[in-house]
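The values are calculated or read from the model by the stated rules, or taken from the named source; none is laboratory data. Values in this document were obtained by computation on a predicted structure and should not be read as measured data. Glycine also receives a Cβ, built like all others from the backbone with ideal geometry; neighbour counts cover every protein chain displayed. Accessible surface is based on the protein model in full, side chains and every heavy atom, while ligands, DNA and RNA are left aside. Shrake-Rupley method; radii C 1.70, N 1.55, O 1.52, S 1.80 Å.
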Amino acid sequence: MFSLSMRQLAAGSVLALGLSGAAYCQSSLVFPTPVSTLVTTAAAQSTGVSPVTFNGDVIWFFQGYNSGVCFQHDGSYDTCPAGLPLVDGVPQATVWNGTLYLAYALHGSHQLVIATTSDVHLQTWGYSEPAGLFVGVSPAIAVLNNKLFIAYQENQQDHYLGMASTFDGVNWTSQLSSVYKIGHAPGMTYFNGQLVIAAFCQCDSHYLDVYTSTGSLSPTFATEDRSKTLANASNPSLAVYNNVLMLGYMQNGQRYFQTTTSYNAVTWTPAVRQTSLTNGWNGLGLAVVGSTIYGVYESQSAIPGQPSGSNQFAISTTSGVH
């Protein structure tokens, strides 16, 4: 498997940038202006994108134009595996015991779907639909203590934060909060022995809310940061590099991305506006491969010959933090 940092072109509706980890500074996570070559591709819905590291590559998943589960990883084409149920929102991904897991809401009913593959070429997939689990769009997925966890917005009017877990990928336990209400498409990652969940507050101002869990399905409220407001479909993304927790998101009421970092998931640095990431849409996805940090997002630039509303994909990598 090749390293994406060596690629200059990519298909799809995503822009990816790499930052050299050697120069990384916790207070100034900045993506410089990329040099991009844009290519046409199969269309994508404007729902965001979810990157994951698998077998040394960055792979990003998105909802295809006909609501299929689609991904890119080799810089030249889209793949939409046949046989997987249709999706509402972004399929979010993690790796557990060498297997790639996707979590997403089934198109229409919002039944939770768990899709899996151990195929390094990502050609052979299976899936399951855990009984009784219905979720808002774009549930988050992560691993803690060799156990798979899902964090999601309740698929009801109250929009409470829900969590579910499994030891074996088959038998699930779930629980809804009776206190915490969140927006859809939360982000979640493993960080220093706990799970960290980021979501926008289900309130008028869409403040950034952060929760943590050491394995309980009843997460602890960590912080509400009123200096950071997330867009309604921002798909906040979390990743970890050198024991630093990183968050990427779209600013509420604006069309630009911001990043912030933390050592403890409670106190966050002032947000840095990513002025080089233009024509963005939905969230800024983050992923790490070796010493490179990737930012991934949809570009609203039009694609000649593609259906109306489809977004353009591009990829670029760079070194250094400015």
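Structure values in brief
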quantity: Segment 200-220, residues that are over 14 Å from residue 177 (Cα atoms) and of a type in the set (S, T, N, Q); calculated: 205, 214
quantity: Meets criteria (surrounded by fewer than 19 Cβ atoms within 10 Å (Cβ to Cβ) and assigned to a strand (DSSP E or B)) for residue 127; calculated: yes
quantity: Residues located in segment 257-286, provided they are part of a loop (DSSP other than H, G, I, E, B), touching a strand residue (DSSP E or B) at 6+ places or on another chain (Cβ under 6 Å) and open to solvent by 10 Å² or more (accessible area, probe 1.4 Å); calculated: 266, 268, 269, 271, 279
quantity: Within segment 193-215, considering residues that are touching a His at 6+ places or on another chain (Cβ under 9 Å) and not in a loop (DSSP other than H, G, I, E, B), the one surrounded by the fewest Cβ atoms within 10 Å (Cβ to Cβ); calculated: 200
quantity: Some residue of segment 178-192 being surrounded by fewer than 18 Cβ atoms within 10 Å (Cβ to Cβ) and part of a loop (DSSP other than H, G, I, E, B); calculated: yes
quantity: In segment 61-108, the residues that are in contact with a Pro (Cβ under 8 Å, 6 or more places away or on another chain) and among the polar types (S, T, N, Q); calculated: 63, 92
quantity: Some residue of segment 294-314 being modelled with pLDDT of 80 or more, open to solvent by less than 30 Å² (accessible area, probe 1.4 Å) and farther than 25 Å from residue 65 by Cα; calculated: no
quantity: Which listed residue, of 205, 237, is in contact (Cβ under 8 Å) with a residue 40 or more places away in the chain and over 13 Å from residue 185 (Cα atoms); calculated: 205
